[in-house]
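Participant: First, the structure itself, so that you have it in front of you.
Please treat every number below as a calculation from the coordinates, not as lab data. Keep in mind that what you see is a predicted model, and the values were worked out from it rather than measured. Cβ placement follows ideal geometry from the backbone for every residue including glycine, while neighbour counts extend to all protein chains displayed.
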Amino acid sequence: MAEKRNIFLVGPMGAGKSTIGRQLAQTLGMEFLDSDSVIEERAGAEIDWIFDVEGEEGFRKREERILNELTQNHGIVLSTGGGSVLSKDNRNVLSARGIVIYLETTVDKQFERTQRDKKRPLLKTEDPRKILEELAKIRNPLYEEIADITIHTDEQSAKVVANQIIDMIDNLQ
């Protein structure tokens, strides 16, 4: 049943949205899309460059347009950017057009997974752990608000999480 509906993955950076999304799409025989990758492809530039030139506000406007467009597809698994839930329009679109899965993770695990990644503009700071904690306070309630399913990803493989998601979606219907 899961493959008949759109599946949207939300959660903080480092939760595994892209990795789990690819696994989920492959298992279900669905198309996988990553909103950040689509933004980069269309802009012809990486996200950190967009942040540098347009600021976070400019990036969020691009993100809103892309999410509105991508969520109109059918039968997709979509990995969203960690901050996409900041926009009420994005939250409404995601809730209305598919099953929203919140991939929950701890700040410790996020820090571990992102500390060597140089392509995360919000973490280019003296204290990235502090930034992750601040983002969690703001964003975690928004992920929870729109989630149909919440799954903790810290100590599980992408394959295990993907299979749990499929079981949970089948139980929803």
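Participant: Where does the chain land at 222 nm, in deg cm²/dmol rounded to the nearest 500, when only DSSP H runs of n ≥ 4 count, each adding -39500 (n - 2.57), divided by all residues?
Facilitator: -18000 deg cm²/dmol
Participant: Roughly what % of DSSP beta bridges within the chain run antiparallel, to the nearest 5?
Facilitator: If I count the DSSP bridges inside the chain, around 0 percent turn out antiparallel.
Participant: Label points 7 Å out from Cα along the Cβ direction at Asp89 and Asn140: separation in nm?
Facilitator: 2.9
Participant: What does the extension gain come out to for Gln26 and Gln156, with contour length at 0.36 nm per residue minus their alpha carbon separation?
Facilitator: 45.0 nm
Participant: Hey, can you grab everything whose amide H is under 5 Å from the amide H of Ser79? Only 5+ residues off in sequence or another chain; H modelled, so Pro and N-termini drop out.
Facilitator: Result for Ser79 returns Leu9, Leu33, Asp34, Ser35.
Participant: Moving on. Just want to confirm a number: the relative contact order over the chain, from Cα pairs under 8 angstrom separated by 6+ residues, in percent.
Facilitator: Across the chain, relative contact order equals 36 percent.
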